[in-house]
Amino acid sequence: MIVLTGSTGQVGTALAPLLAARDEVVAPGRGDLDLDDPGSIRMRLDDLAPTVIVNAGAWTAVDAAEDDEAAATRANGTSVAELAGWAADHDAWLVTLSTDYVFDGTGDTPLPEDHPTDPVNAYGRSKLVGEEAALAAGSALVVRTSWVVSGTHDNFVATMLSLLDRGIDPKVVDDQVGCPTVAADLARGLADLLDERPTGLLHLTNDGSTTWFGLACESARLAGHDPARLTPCTSEEFPTPAARPAWSVLGSHRREALGIPALRPWQDALVDVVAGQRDR
């Protein structure tokens with residue numbers, strides 16, 4: 001049996017049918033397995049007795065974490081520790097998602113799995129707590145990814161298209177560089193890991209990098225809008241409560257060794273995202 005947390009999120013929605021093709025999947029809702037209540041997790045897992053736990057759930061409100069880091073850490077850190085501990089105690093395997101925000105945003109070359117971590121915001125710190133606990137348990141794979149978008153949920157691409165559709169010409173940050181990742185592509189990569197069940201760290205994103213402005217422009221073009229309607233700006237011109245890393249391009253020393261095909265270029269994958277958004 002596979003337990004899938006976060007089944008209604010972007011990645012969880014894409015993962016559910018892929019996992020169901022391999023094994024029985026239980027996707028407990030928040031009332032059944034609550035990452036905000038770490039103390040209840042082991043008892044619920046005792047009831048379910050999974051052999052695999054896929055944790056696609058998380059506190060993802062980056063700015064809100066600045067005001068309640070303790071709550072973010074419960075969901076992203078302490079609860080992951082409980083999932084990983086249970087998996088280790090019961091010969092099960094956990095795969096849990098993490099983020100490029102565990103890095104400090106410096107550099108100009110892709111960041112491999114062994115690059116030193118140094119989060120610049122509360123969200124990143126909360127995710128790092130979960131990473132360290134999962135790795136210490138020895139029964140988990142931590143998959144870092146970044147800038148997740150999909151055609152099924154509200155996200156950055158959906159926001160850009162909504163603004164443009166309503167005649168609003170947005171300013172978009174052009175000094176943060178990362179790897180857009182399409183949830184459906186990430187889900188396929190994760191599902192392929194179930195056979196070997198590796199542990200440790202893995203970086204997995206769509207191929208290529210860009211800025212938020214670059215992502216917005218390509219989204220606009222694919223949706224039939226003139227990208228010239230968008231204006232680039234700096235992070236200082238668009239301040240947020242939580243600092244964002246300026247450079248978070250993820251590279252990988254492990255993907256090929258694990259036999260995972262490269263995810264397609266983000267520009268190609270974005271075609272599906274925009275089409276999905278138009279069909280919502």
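Observations
- Charge tally in the Cβ shell below 15 Å around residue 18, where Lys, Arg are +1 and Asp, Glu are -1, residue 18 excluded: -3
- Counted residue by residue at 0.36 nm each, then reduced by the alpha carbon distance between them, the extension gain from residue 106 to residue 226 reaches 40.0 nm.
- Charge context of residue 107, other residues only, Cβ under 13 angstrom, K/R +1, D/E -1: -4
- Computing Rg and the Kirkwood Rh from the Cα coordinates of the stretch 179-280 gives a ratio, Rg/Rh, of 1.03.
- FRET efficiency, 1/(1 + (r/R0)^6) with R0 41 Å, evaluated for residue 166 and residue 253 via beta carbons: 0.40
- Qualifying GluC sites (Glu not before Pro) for the stretch 1-81 [loop in DSSP, other Cβ within 10 Å: at most 13]: 24
- Per residue accessible area in Å² of the chain, where ligands, DNA and RNA are left out and the probe is 1.4 Å: 42
- Rounded percent of accessible protein surface that carbon and sulfur make up, the stretch 73-122, 1.4 Å probe: 46
- Global dimensions of the stretch 105-206 from alpha-carbon coordinates: Rg and Dmax equal 16.4, 51 Å.
- Length added when fully stretched, residue 136-residue 66, from 0.36 nm per residue minus Cα-Cα: 22.6 nm
- Heavy-atom surface analysis with a 1.4 Å probe gives the stretch 186-280 a carbon and sulfur content of 49 percent of its accessible area.
- Cleavage-rule hits, GluC sites (Glu not before Pro), the stretch 207-260, DSSP coil, Cβ neighbours within 10 Å at most 15: 236, 237, 256
- Gyration tensor (alpha-carbon) shape descriptor, the stretch 1-86, a/c threshold 1.5: oblate
- Using θ = phi - 60° and Karplus 6.51 cos²θ - 1.76 cosθ + 1.60, couplings along the stretch 262-273 (whole Hz; Gly, Pro as x): 4, 6, 4, x, 4, 5, 5, 5, 5, 4, 5, 5
- Calculated from backbone phi, Karplus (6.51, -1.76, 1.60) coupling profile of the stretch 254-260 in Hz, x at Gly/Pro: 10, 4, 5, 4, 7, x, 8
- Distance from the C-alpha centroid of the stretch 150-193 to that of the stretch 203-244: 9 Å, rounded to the whole angstrom.
- Calculated over the chain, the projected area of the Cα convex hull averaged across directions stands at 13.9 nm².
- Each residue of the stretch 1-144 gets 110 Å³ once the volume of the Cα convex hull is shared out per residue.
- The stretch 145-205: trypsin sites (Lys or Arg not before Pro) falling in loop per DSSP and having at most 13 other Cβ within 10 Å: 166
The values are calculated or read from the model by the stated rules, or taken from the named source; none is laboratory data. Remember, predicted model here, so these are calculated numbers, not experimental data. Because the Cβ atoms are built from the backbone with ideal geometry, glycine has one as well, and the counts that use them run over all protein chains shown. Surface areas here come from the heavy atoms of the whole protein model, side chains and all, with no ligands, DNA or RNA. Shrake-Rupley method; radii C 1.70, N 1.55, O 1.52, S 1.80 Å.
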